[in-house]
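What follows is a single structure, written as structure tokens, with notes after it.
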Protein chains: 6
Amino acid sequence: MATTKLIEYEAASSEVRAVYDDIRATRKTDFINNFWKALAVNPAQLARTWESAKCVMAPGALDPMTKELIYIAVSVANKCEYCIHSHTAAARAKGMTDAQYAELIAVIGMAHSTNGLVTTMQVPVDEVFKVV
Amino acid sequence: MATTKLIEYEAASSEVRAVYDDIRATRKTDFINNFWKALAVNPAQLARTWESAKCVMAPGALDPMTKELIYIAVSVANKCEYCIHSHTAAARAKGMTDAQYAELIAVIGMAHSTNGLVTTMQVPVDEVFKVV
Amino acid sequence: MATTKLIEYEAASSEVRAVYDDIRATRKTDFINNFWKALAVNPAQLARTWESAKCVMAPGALDPMTKELIYIAVSVANKCEYCIHSHTAAARAKGMTDAQYAELIAVIGMAHSTNGLVTTMQVPVDEVFKVV
Amino acid sequence: MATTKLIEYEAASSEVRAVYDDIRATRKTDFINNFWKALAVNPAQLARTWESAKCVMAPGALDPMTKELIYIAVSVANKCEYCIHSHTAAARAKGMTDAQYAELIAVIGMAHSTNGLVTTMQVPVDEVFKVV
Amino acid sequence: MATTKLIEYEAASSEVRAVYDDIRATRKTDFINNFWKALAVNPAQLARTWESAKCVMAPGALDPMTKELIYIAVSVANKCEYCIHSHTAAARAKGMTDAQYAELIAVIGMAHSTNGLVTTMQVPVDEVFKVV
Amino acid sequence: MATTKLIEYEAASSEVRAVYDDIRATRKTDFINNFWKALAVNPAQLARTWESAKCVMAPGALDPMTKELIYIAVSVANKCEYCIHSHTAAARAKGMTDAQYAELIAVIGMAHSTNGLVTTMQVPVDEVFKVV
């Protein structure tokens, strides 16, 4: 029930196919998930988003699994069902254990709770936290 | 400009002081931040929240700094200014480097972007992600 | 799976029918979408909401299609699936082209991204923006 | 009270200066707003975000002012104070009149209201809206 | 730091003054809070919003204080600082005790927590809850 | 389509069964809803969350039905479909009438609307609301 159509490889322009090919090569799988097929209605945006994702999610000062945990946390707070499913699958593929997942859930629940408490009470920021 | 008063140690009941004492002992610092001082208007909730926080944020399958990064991610998506400041400070205290912080920002920005794109297009969840 | 029942024209009170009749006359179609049928459990609220919608969404200093784009943008950020679908359909009915829709998606994605980046970094508002 | 420092032109690396120079040239003003100065702690992200913004916000199938209205709408629903201020200023600079602004406010208020109503009642999407 | 100016009684048109007069008469106070002064830039919207508020917040099947508690709960989850302050003040004026406020905070915190937990785990709705 | 499995009583550890037994005894029903079955993958969190819920939702300065209305309000603004369904069912079980539900919907809609209006205009908090 998308609001836009999904573009399969066979129906794609060469510009879109080039991105799909790079996704497949980078991820070492033929599978292209629906997000990219939907974005493909705007080839420039597809290319831009993929370039950003490839760059941002690559190993760096943070390891790829930690980045997926952060991605899940944002997606939960933003209530993006698709993103929660796709990044939970990605985190598992990158090694997230059941014990780590249980702790991720606990931290997300705790953060939501204190976010709600703090906002209700409008707690002023402590001077000591204003380090910059 | 809180909507409730902050309770200092000196003015606190023995029930509240017991929690403050445990916060100080656990964190090895005399500093009690405003969140706990605000929560103290409801001593039972103060005790319950501190017990949960102590348990959830302790080292486990995920290390304490990673838990802080997840906490920041939720707090950003939930727009909790106090929580963003306090947990960014906590992450730094637990060893977050400038390079790690720069990548955290990048992942949070990327996640927000794709959350928005996916939600606009109402992309259906791929069957392969439905592992449970 | 609504939490309240939908009231069809045939089962509606005369007060509700009067609103349905005005929706049909204003929109030049017999179709009444589910939102109004759900609101009809509270006839006063149905009437008030329809009056507001008729007034707010009418042509004015902004054209009706632009108003629909703004409506979609809010509904995406608020994660209202029903509203995203109904207002995307409305925008198309009012002339939104595929190219315009692709740009709408891009702007919504960009805005989400910078909203997330700004909130993470708690960027202070520039003095020059404080025009009022 | 940012969580990261702001980098001025004089203190910037040549990589960051190149982006600042392009912002100035594109916008025909010497003014660099705080968002870019904060992003500059991660030069690669600064460059990527500016490239996206330049591309996404350029005139296209939608005119630049309409894009700013959409940007404001998302930023309001996402509660990004900085973004609301900066894009309201941008919309005015691109010709938004007081009458248009008053209507923008009205549409955003209306959308929030019906988002809340629909979500409370969990109104099912009408079949006719499922066009894709 | 509003994005629009506030209109005082003395500077208001007769249309706006009529609404201000009704607010004063209904609330039995000369005080007009900033929300109405900001809305007054669009007199039709001011009148419409006040009429809705007067109607919705009046005593009915729910008492006025309970309505304020619900209003605070929405405003917290929507992160509207102004609304949290104004409706917390209104709830107190309508008789909210410190004990009730402490329980309100606890329920809001609990709800945020389980909202986050449920969303992370994407818990399916039990059949028994689908009563309509 | 949960991201984690649901644990039935028969497959549960004695630690989890003890919580399920207490839920059944407290609620005077054999029914365990999916939320608890999902949480059970982390028995410590299950126990902690149930203890908090039992304590927070018990009769006190606010009656149980009012607490459910507040819970629904938060869940709507946080877009938690499961929570909206489960707490609407709970509110009905605790005596919420159709007339009360219609007014709840109206207040939630009104609050969303003014949250959106206030945030767009960035209305400054009146001095008189700053009581603490």
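The values are calculated or read from the model by the stated rules, or taken from the named source; none is laboratory data. From a predicted model like this one, the values you see are computed outputs, not experimental measurements. Neighbour counts are summed over all protein chains in view; Cβ atoms, including those assigned to glycine, are modelled from backbone coordinates with ideal geometry.
Counting just the residues of the stretch D:19-49 that are in contact (Cβ under 8 Å) with a residue 12 or more places away in the chain, surrounded by fewer than 18 Cβ atoms within 10 Å (Cβ to Cβ) and of a type outside the set (V, I, T), which one comes out farthest from the other protein chains (Cβ to nearest Cβ)?
Taking the candidates together, the pick is D:D22.
For the stretch D:50-75, how many residues are more than 7 Å from chain C (Cβ to nearest Cβ) and either touching a Cys at 6+ places or on another chain (Cβ under 9 Å) or assigned to a helix (DSSP H, G or I) (or both)?
Residues meeting the conditions: 8.
Could you say whether any residue in the stretch D:97-114 is within 30 Å of F:A89 (Cβ to Cβ), hydrophobic (A, V, I, L, M, F, W, C) and out of contact with any Asp or Glu (no Cβ under 8 Å at 6 or more places or on another chain)? Don't jump to the end; show me each part of the working.
Of all residues in the stretch D:97-114, those within 30 Å of F:A89 (Cβ to Cβ) come to D:110-114.
From the residues that got through so far, the ones that are hydrophobic (A, V, I, L, M, F, W, C) too are D:110-111.
Those still in the list that are out of contact with any Asp or Glu (no Cβ under 8 Å at 6 or more places or on another chain) too: D:110-111.
Yes, some residue in the stretch D:97-114 is within 30 Å of F:A89 (Cβ to Cβ), hydrophobic (A, V, I, L, M, F, W, C) and out of contact with any Asp or Glu (no Cβ under 8 Å at 6 or more places or on another chain).
Looking only at residues in the stretch A:5-40 that are β-branched (V, I, T) and under 20 Å from the mean Cα position of the chain (by Cα), which one is modelled with the lowest pLDDT? So that I can check it myself, show each step before the final result.
Keep residues of the stretch A:5-40 that are β-branched (V, I, T), which gives A:7, A:16, A:19, A:23, A:26, A:29, A:32.
Now drop any that are not under 20 Å from the mean Cα position of the chain (by Cα), which leaves A:19, A:23, A:26, A:29, A:32.
On the way: A:V19: 98, A:I23: 97, A:T26: 96, A:T29: 93, A:I32: 97.
Among those residues, the one meeting the criterion is A:T29.
For the stretch C:104-116, does any single residue satisfy the condition of being at pLDDT 95 or above and within 24 Å of D:E127 (Cα to Cα)?
Looking only at the stretch C:104-116, we keep the residues that are at pLDDT 95 or above, and these are C:104-116.
Okay, now just the ones that are also within 24 Å of D:E127 (Cα to Cα), so C:104-105.
Looking for residues that are at pLDDT 95 or above and within 24 Å of D:E127 (Cα to Cα), one finds at least one in the stretch C:104-116, hence yes.
Does E:D98 qualify as being under 16 Å from F:S86 (Cβ atoms) and surrounded by fewer than 24 Cβ atoms within 10 Å (Cβ to Cβ)? Steps first, please.
Details: under 16 Å from F:S86 (Cβ atoms): no; surrounded by fewer than 24 Cβ atoms within 10 Å (Cβ to Cβ): yes.
It is false that E:D98 is under 16 Å from F:S86 (Cβ atoms) and surrounded by fewer than 24 Cβ atoms within 10 Å (Cβ to Cβ).
Can you tell me which condition F:D126 does not meet? The list is (1) surrounded by fewer than 16 Cβ atoms within 10 Å (Cβ to Cβ); (2) away from chain D (no Cβ under 14 Å); (3) of a type in the set (D, E), and all the others hold.
Condition not satisfied by F:D126: (1).
Of the conditions (1) at pLDDT below 95; (2) part of a loop (DSSP other than H, G, I, E, B); (3) of a type outside the set (D, E, K, R); (4) within 27 Å of B:V76 (Cα to Cα), A:M1 clears all except one; give me its number.
(4)
Check off (1) surrounded by 16 or more Cβ atoms within 10 Å (Cβ to Cβ); (2) under 30 Å from C:V123 (Cα atoms); (3) at pLDDT 95 or above for A:D63 and give me the number that stays unchecked.
Failed condition: (1).
Quick one: would you say F:A111 is surrounded by 23 or more Cβ atoms within 10 Å (Cβ to Cβ), within 16 Å of the chain's Cα centre (by Cα) and within 13 Å of chain D (Cβ to nearest Cβ)?
No: the conditions fail for F:A111.
Residue check: is B:M96 facing chain A (nearest Cβ under 10 Å), under 22 Å from C:L117 (Cα atoms), free of Cβ contacts under 8 Å to residues at least 60 places away in the same chain and not in a helix (DSSP H, G or I)?
On the way: facing chain A (nearest Cβ under 10 Å): yes; under 22 Å from C:L117 (Cα atoms): yes; free of Cβ contacts under 8 Å to residues at least 60 places away in the same chain: yes; not in a helix (DSSP H, G or I): yes.
Yes; evaluated as a whole, the condition is true for this residue.
Consider C:H85 against the criteria (1) at pLDDT 95 or above; (2) outside the structural domain of C:S14 (by TED's automatic domain parsing); (3) surrounded by fewer than 19 Cβ atoms within 10 Å (Cβ to Cβ): it satisfies all of them except one. Which criterion is unmet?
Condition not satisfied by C:H85: (3).
Suppose the filter is within 18 Å of F:A111 (Cα to Cα), of a type in the set (A, V, I, L, M) and not in a loop (DSSP other than H, G, I, E, B); does E:A25 pass it?
Working: within 18 Å of F:A111 (Cα to Cα): no; of a type in the set (A, V, I, L, M): yes; not in a loop (DSSP other than H, G, I, E, B): yes.
Against the criterion (within 18 Å of F:A111 (Cα to Cα), of a type in the set (A, V, I, L, M) and not in a loop (DSSP other than H, G, I, E, B)), E:A25 does not qualify.
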